[in-house]
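The values are calculated or read from the model by the stated rules, or taken from the named source; none is laboratory data. Treat the numbers as computed from the prediction; the structure is a model and nothing was measured. No Cβ is skipped: glycine too gets one built from the backbone with ideal geometry, and neighbour counts run over all protein chains shown. These area figures cover heavy atoms from the full protein model, side chains too; ligands, DNA and RNA do not enter into them. Shrake-Rupley method; radii C 1.70, N 1.55, O 1.52, S 1.80 Å.
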Amino acid sequence: NAGVTQTPKFRILKIGQSMTLQCAQDMNHNYMYWYRQDPGMGLKLIYYSVGAGITDKGEVPNGYNVSRSTTEDFPLRLELAAPSQTSVYFCASSPRIKRGSNTEAFFGQGTRLTVV
Amino acid sequence: AQKVTQAQTEISVVEKEDVTLDCVYETRDTTYYLFWYKQPPSGELVFLIRRNSFDEQNEISGRYSWNFQKSTSSFNFTITASQVVDSAVYFCALSEEGRGSTLGRLYFGRGTQLTVWP
């Protein structure tokens, strides 16, 4: 059971380039999230999705886009990379969450992105 | 305002010492969940524990124990007889279930870097 798989693990981008960070989960989870981790700052939510076809902004969505065409995949798109987007990106998933019954999120291994 | 505060940025201890990592949270919701995650040098996030707001029982798992106190909005984590392998960044996180909350969304503290020296 692979869990949450992120690719690539590392990437260097030049300013203005675009790329897609891939995220796939094989646990049939409805909820998926993208977080970014900056040094000494904890993780902040970029976008999330509660199911295929449904996405919404998190705390820091500017400069990113997402799509959720299937339950398994939740790619994160950077259109015009900027140095401020240098960070470690984590994808996570959770089962369907009911009120009164939250569960832990399962995280991918992370993607370390550097924009130069 | 930070919903989760981990005031200790870095802690260093010598092996076999006990160490407590502090976590203070802020929420107006009556139903919420608290988590601890471990991030070893390899970078992945490892789930350690989840506690809901209705369960204030302390929990012990091997050398790990957690103290949840609603009166002080704290969810502290203690490692007994620390080992070098415990060296990592530890994150405390909060998930809320009030109206308007994003179910499952985690608010993370800034993390505490724990270094255990041999």
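Screening the candidates A:VAL115, A:VAL60, A:VAL66 for the property of being touching a residue at least 24 places away in the same chain (Cβ under 8 Å) and touching a helix residue (DSSP H, G or I) at 6+ places or on another chain (Cβ under 8 Å) yields one hit, A:VAL115. I'd like to know if the range B:48-55 contains one or more residues that are more than 8 Å from chain A (Cβ to nearest Cβ), touching a residue at least 60 places away in the same chain (Cβ under 8 Å) and either under 25 Å from B:SER12 (Cα atoms) or open to solvent by 40 Å² or more (accessible area, probe 1.4 Å) (or both). No, the range B:48-55 has no match at all. Kindly indicate which of B:SER65, B:SER71, B:SER82 is among the small types (Gly, Ala, Ser), in a strand (DSSP E or B) and farther than 22 Å from A:GLY3 by Cβ. Going through B:SER65, B:SER71, B:SER82 in turn, just one is among the small types (Gly, Ala, Ser), in a strand (DSSP E or B) and farther than 22 Å from A:GLY3 by Cβ: B:SER65.
This table checks each residue for (1) touching an Asp or Glu at 6+ places or on another chain (Cβ under 6 Å); (2) open to solvent by less than 50 Å² (accessible area, probe 1.4 Å).
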residue: B:LEU45; (1), (2): no, yes
residue: B:GLY62; (1), (2): no, no
residue: B:SER65; (1), (2): no, yes
residue: B:ASN76; (1), (2): yes, yes
residue: B:VAL85; (1), (2): no, no
residue: B:LEU94; (1), (2): no, yes
residue: B:THR102; (1), (2): no, yes
residue: B:ARG105; (1), (2): no, yes
residue: B:GLN113; (1), (2): yes, no
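Whether a residue is without any contact (Cβ under 8 Å) to a residue 24 or more places away in the chain, farther than 28 Å from A:ARG112 by Cα and charged (D, E, K, R) was assessed, and B:GLU15 does not pass this test.
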